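The values are calculated or read from the model by the stated rules, or taken from the named source; none is laboratory data. In this text, all values refer to a predicted model and were calculated from it rather than measured experimentally. All Cβ positions, even for glycine, are placed from backbone atoms using ideal geometry, and neighbour counts span all protein chains on display. Protein only, heavy atoms only, side chains kept; ligands, DNA and RNA dropped before computing areas. Shrake-Rupley method; radii C 1.70, N 1.55, O 1.52, S 1.80 Å.
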Amino acid sequence: MIDLHTHTFFSDGVLIPSELARRAEDAGLKGIAFTDHGDSSNIDYVVPRIVSVATDLNRFMSIKVVPGIELTHVPPQLIPECARRARSLGAKIIVVHGETIVEPVAPGTNRAALDSDINILAHPGLITEEEVLMAKERGILLEISARKGHSLTNGHVAKLALRTGAKLVINTDTHEPSDLIGRKQAIKVVCGAGLTENDFNIMQQNASVFL
């Protein structure tokens, strides 16, 4: 299992990066990305620290730690600039907090994200087919989420991805230890979205390029 969307205490997670990495390693994960919430107020603070700890942990742990950021509730017009700043500071994976139906994300966030230098559009909610086609054309992964609430539109996202050929990834959006899942539970989440175990395997291949 590779999980490319998790949070540490650098935003609203409860664990320091080292403990999150160790718990994920113990749960059998082979890769994890730390993608704490960010905007123009904290990117310069969070990203270098995540890059630093990822470098240290990768020297001694079997799990591969990928430094990243999740741009969250950033006004759509600022997403491209924030993505560029995060990338320049060393973020290897940039997630954007998509238009989930359980939070008041600004309309236009999905489209602005897909027009930016990002890697994953997380929990994109009732994303349009046009936007899914944009994701396909730009090679941006759409997230199937294991997180409560955000997962409500997994079936919609999966259906459009299958129709268009857009690439998917399964993530947990972990904030605390109990959010971490292994391969068995991840497959259940994927199948619950109307997909198959083979689709899960393809998602893991999609995620593996970041390791």
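Ignoring ligands, DNA and RNA, what percent of the accessible area of the stretch 2-209 is carbon or sulfur (1.4 Å)? On the stretch 2-209, the fraction of accessible area on carbon and sulfur atoms equals 51 percent.
Enclosing the Cα atoms of the stretch 2-209 in their convex hull gives a volume equal to 101 cubic angstrom per residue. Helical content of the chain, expressed as a calculated mean residue ellipticity at 222 nm, amounts to -12000 deg cm²/dmol (DSSP H runs of 4 or more residues, -39,500 (n - 2.57) each, divided by residue number, nearest 500). With a threshold of 25 Å on the Cα-Cα distance, the over-threshold entries among Lys92/Lys167; Lys30/Lys184; Lys92/Lys184; Lys92/Lys188; Lys159/Lys184; Lys167/Lys188 are Lys92/Lys184; Lys92/Lys188. For the chain, complete DSSP H runs whose alpha carbons reach 18 Å or more along their own long axis and whose mean Kyte-Doolittle score is -0.5 or higher are 43-57. Summarising the amide proton neighbourhood of Leu4: residues at separation of 5 or more, or on other chains, whose placed amide H is nearer than 5 Å comprise Ala33, Thr172. In a DSSP loop and with at most 11 other Cβ atoms within 10 Å, the trypsin sites (Lys or Arg not before Pro) in the stretch 114-157 are Lys148. In the context of the full set of protein chains, the chain has a per residue accessible area of 43 Å² (1.4 Å probe).
Extension gain for Thr196 to Glu103 (0.36 nm times residue separation, less C-alpha to C-alpha distance): 30.6 nm. Each peptide among 168-176, 20-28, 59-67 gets the average number of other Cβ atoms lying within 10 Å of its residues, and from highest to lowest they stand as 168-176, 20-28, 59-67.
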